[in-house]
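Read the structure below first, then the notes.
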Amino acid sequence: MRADPLAPYPGTALRSAWPAAAAFGLGYWLLLVLGFLHWHVATGLLFLALWLQPRRQWPALVLATILVRCLNGLLIGWRNGVDGGFLHYWHDATSFVLGNLLEPFLVMAGVALLCRANIRPLALAAGDGIERFLVAALVAAALLAAKDVGYVLNEGSISDIRLSLLVDTVRLAGDASLLGFFAVKNLLGHFIGMLLVVPLGAWIAEPRHHPGSRRILGEAMMLAPLFIALLSLVAVARESAALAELLRMLVLVAVVVFSMRHGWRGAVLSLLSASVLIALEDHLGLAAQWPVWLQLFIAIAGTMALMFGATVDGLRRQSAELAVARRRQLLLAEELHDAAIRNLKVEERERQRLAGELHDEFGQNLAALQTHLKLSAPDLAAAGRAGVVDRLLEITRAMQQNIGRVLDSLRPAALDELGLFGAIDRGSLRRLVEDAGLVFETRLEGDARLLARLNPVHRVAAFRIAQESITNIVRHSRARHCSLRLRVSARDGQLCVFLDIRDDGCGRVAELRPGNGMTGLQDRILALGGRLVISQLRPGLRVHAVLRQPLRSPDPGAAPRPR
């Protein structure tokens with residue numbers, strides 16, 4: 001199979017990586033020379049470069065790192081007049097390997113952990129991404145600290161480097177505590193270097209982290225005088241360790257507050273500012289604490305601030321997502337409600353059409369049949385068939401009554417003639433209850449004029465609730481008393497209708513089963529955004545229903561005011 005003619009030669013990617021590697025080497029060397037005394041920001045730059053660049057460019061970065069470290073070692077040897085046994089600076093070949101060759105590969109181990117977990121710069125905005133970065137940085141820092149311990153054991157002495165000058169050189173002489181102090185100091189130094197540089201570089205490198213950066217930087221500039229004032233107070237309080245510690249706690253408070261306000265990006269800026277403040281304090285000789293305590297303060301504050309800031313960002317994202325989901329839910333609920341209203345309106349129109357056709361066709365035909373039977377009655381009586389006419393007239397009257405009940409179930413005529421409360425109080429429902437021998441009490445509360453503003457769908461729904469409930473009471477409850485309370489009011493731009501129907505029968509909520517009209521009624525009420533509750537009384541049952549509609553002018557076809 002032929003290779004793609006447009007694919008680059010194997011060495012093309014490496015050659016294209018050299019300009020970036022050269023720029024990295026320059027920055028790496030500047031940080032080696034000018035970096036803080038007790039935290040190795042050059043290590044952070046190496047970690048960041050390996051993390052951001054594709055793996056095919058890692059060889060160029062590794063070579064640049066080794067070359068810069070070798071040249072920096074020669075510069076230190078020249079400035080300090082060191083004449084080592086290997087290349088005029090290092091004690092031997094082992095020191096050369098430990099001091100120059102292993103550094104990029106040990107940092108690469110921590111970067112590999114991030115790459116294996118598929119953590120990219122965008123992931124630092126989440127708590128899980130920050131947590132994995134901290135673990136990877138700690139692993140790399142531990143490997144580098146172990147390498148540094150091996151270096152000083154091979155050299156037999158410990159020195160600090162400040163602006164390429166060897167200072168505070170101490171012979172080990174088998175002092176385990178000094179070696180332990182050195183190991184902890186370098187572990188924290190490498191960790192803090194990555195803590196300071198990597199999140200800041202991810203913020204700059206990832207465009208999706210840029211929105212809102214100008215506001216964060218502006219507030220950080222406004223807080224700069226506060227940090228300068230704190231530094232001045234630390235200098236003044238040099239003789240008071242307690243006051244200096246208190247001021248350092250104020251710095252920690254500022255870090256936490258800025259992290260809470262601006263998330264992990266605020267933590268990056270506040271941590272960088274605090275580290276600069278403490279580094280200046282140490283370099284100016286104002287520090288009242290050992291360097292390890294200063295390092296520990298920065299490490300703890302930085303870790304806490306980044307985790308806290310990422311958590312705050314995560315909560316804000318979740319809150320924004322929940323707000324969007326809530327808006328979508330409300331919009332969907334509104335659309336479903338509107339669709340349900342439209343369906344119910346279509347259903348009511350269809351019921352009205354069917355009622356009209358039944359009334360016009362069957363009603364007129366039955367009336368005509370009844371008239372013809374009455375006219376034919378004398379002839380049938382003369383023929384000895386008078387009883388046939390009576391039976392036929394009785395059948396037509398029964399058919400008229402049945403059709404009347406059907407018409408009433410399709411479209412209660414009393415609603416248009418008497419209004420909602422009048423149809424309940426003086427219509428067929430009262431006749432039904434009183435014919436069954438029950439005492440029926442009705443009461444209207446609230447502003448009765450608002451009933452005229454009910455649209456037909458809600459008006460019919462309220463009547464159906466009363467109709468179905470009272471029918472069930474008459475048929476099943478064996479009650480002696482039944483009451484209905486209708487209350488109408490306007491609340492928060494909505495017209496609310498409350499129906500409360502009670503009886504003293506033998507009904508039990510636990511014995512209610514789906515069907516008997518209540519299921520369809522429940523669906524209708526829910527579609528209208530209302531609520532239906534059936535509760536147990538002693539004795540009897542209580543049906544409580546609430547219907548709501550937007551308060552507006554009455555429809556042209558609205559029912560007249562109740563009488």
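The values are calculated or read from the model by the stated rules, or taken from the named source; none is laboratory data. Values in this document were obtained by computation on a predicted structure and should not be read as measured data. Every residue, glycine as well, gets a Cβ built from its backbone with ideal geometry; the counts of neighbours run over all protein chains shown. For accessibility, only protein heavy atoms count, side chains too; no ligands or nucleic acids. Shrake-Rupley method; radii C 1.70, N 1.55, O 1.52, S 1.80 Å.
Summary table below
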quantity: Test: residue in segment 427-447 that is in contact with a Pro (Cβ under 7 Å, 6 or more places away or on another chain), farther than 19 Å from R485 by Cβ, in contact (Cβ under 8 Å) with a residue 12 or more places away in the chain and not β-branched (V, I, T); calculated: no
quantity: Subset of segment 389-402 [open to solvent by 50 Å² or more (accessible area, probe 1.4 Å) and more than 30 Å from P456 (Cβ to Cβ)]; calculated: D390, R391, L392, E394, I395, R397
quantity: Residue that is nearest to M307 (Cα to Cα) [pool: residues in segment 96-107 that are in contact (Cβ under 8 Å) with a residue 40 or more places away in the chain and surrounded by fewer than 20 Cβ atoms within 10 Å (Cβ to Cβ)]; calculated: F105
quantity: Any chance S477 is touching a Cys at 6+ places or on another chain (Cβ under 7 Å) and either open to solvent by less than 50 Å² (accessible area, probe 1.4 Å) or in contact (Cβ under 8 Å) with a residue 40 or more places away in the chain (or both); calculated: yes
quantity: Looking only at segment 77-95, and only at residues there that are surrounded by 17 or more Cβ atoms within 10 Å (Cβ to Cβ) and out of contact with any Leu (no Cβ under 7 Å at 6 or more places or on another chain), the one that is nearest to L134 (Cα to Cα); calculated: S95
quantity: Hits in segment 414-429 (condition: open to solvent by 50 Å² or more (accessible area, probe 1.4 Å) and more than 51 Å from the chain's Cα centre (by Cα)); calculated: E417, R426
quantity: Residue match in segment 187-203 (condition: surrounded by fewer than 19 Cβ atoms within 10 Å (Cβ to Cβ) and within 30 Å of P54 (Cα to Cα)); calculated: yes
quantity: Test for V406: is it β-branched (V, I, T) and within 29 Å of Q467 (Cα to Cα); calculated: yes
quantity: Subset of segment 68-109 (residues that are closer than 26 Å to Q57 by Cα and not in a helix (DSSP H, G or I)); calculated: L102
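Matching residues to (1) surrounded by 14 or more Cβ atoms within 10 Å (Cβ to Cβ); (2) closer than 30 Å to H458 by Cβ:
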residue: L354; (1), (2): yes, yes
residue: L369; (1), (2): yes, no
residue: A382; (1), (2): no, no
residue: G387; (1), (2): no, no
residue: G404; (1), (2): yes, yes
